[in-house]
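Encoded as structure tokens, the structure appears first; notes follow it.
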Amino acid sequence: MIKFFLMVNKQGQTRLSRYYEHIEINKRTMLEAEVIKNCLSRSKDQCSFIEYKDFKLVYRQYAALFIVVGINETENEMAVYELIHNFVEVLDKYFSRVSELDVSFLVSEIHL
């Protein structure tokens, strides 16, 4: 099961976040800071799967944008890794040439 979905830039700013289980706002901020620090500190040679607390992180980097998905331990990491790529391809096809600066605009469009 997916617990959360984050889009983060290289400066560590969250551009999009979506949680699929209730987490208090102050805990979300702390969680995002720790998750971002863990993913951004890794080199490109390291695995894109991280065991973190009671769940796993799966992330992919696209230019200056990191997409991070938190999943439970029973979820298939490779399936989520491919899901991230498919999500980015759909955004690229639908919006043509989406960049991280467009994400905040996309969020407002999605919630209308």
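Close contacts from the stretch 43-55, counting a first residue that is farther than 17 Å from Met1 by Cβ and at pLDDT 90 or above and a second that is open to solvent by less than 80 Å² (accessible area, probe 1.4 Å) and not in a loop (DSSP other than H, G, I, E, B), with Cβ to Cβ under 7 Å and a gap of 6+ residues or different chains, come to Ser48/Val58; Ser48/Tyr59; Ser48/Arg60; Ser48/Tyr81; Ile50/Asn38; Ile50/Lys56; Ile50/Leu57.
Can you tell which of Leu40, Leu31, Leu65 is more than 11 Å from the chain's Cα centre (by Cα) and at pLDDT below 90? If you could, list the steps in order and put the result at the bottom.
Details: Leu31 fails: at pLDDT below 90; Leu65 fails: more than 11 Å from the chain's Cα centre (by Cα).
The match here is Leu40.
Restricting to the stretch 38-64, give me the number of residues that are loosely packed, with under 13 Cβ neighbours inside 10 Å and either over 20 Å from Arg18 (Cβ atoms) or aliphatic (A, V, I, L, M) (or both).
Going residue by residue through the stretch 38-64, those that are loosely packed, with under 13 Cβ neighbours inside 10 Å are 41, 43-47, 51, 53-54, 63-64.
Still in the running and either over 20 Å from Arg18 (Cβ atoms) or aliphatic (A, V, I, L, M) (or both): 41, 43-47, 51, 63-64.
The qualifying residues number 9.
Report yes if some residue within the stretch 73-95 is modelled with pLDDT under 85, among the aliphatic types (A, V, I, L, M) and not in a loop (DSSP other than H, G, I, E, B); otherwise report no. Yes, there is a match, as at least one residue in the stretch 73-95 is modelled with pLDDT under 85, among the aliphatic types (A, V, I, L, M) and not in a loop (DSSP other than H, G, I, E, B).
The values are calculated or read from the model by the stated rules, or taken from the named source; none is laboratory data. If you're wondering where the values come from, they're calculated on a predicted model, not measured in any experiment. Please note: Cβ atoms are built from the backbone with ideal geometry, for glycine as well, and neighbour counts cover all protein chains shown. Quick note on the areas: whole protein, heavy atoms, side chains included, nothing else; ligands and nucleic acids left out. Shrake-Rupley method; radii C 1.70, N 1.55, O 1.52, S 1.80 Å.
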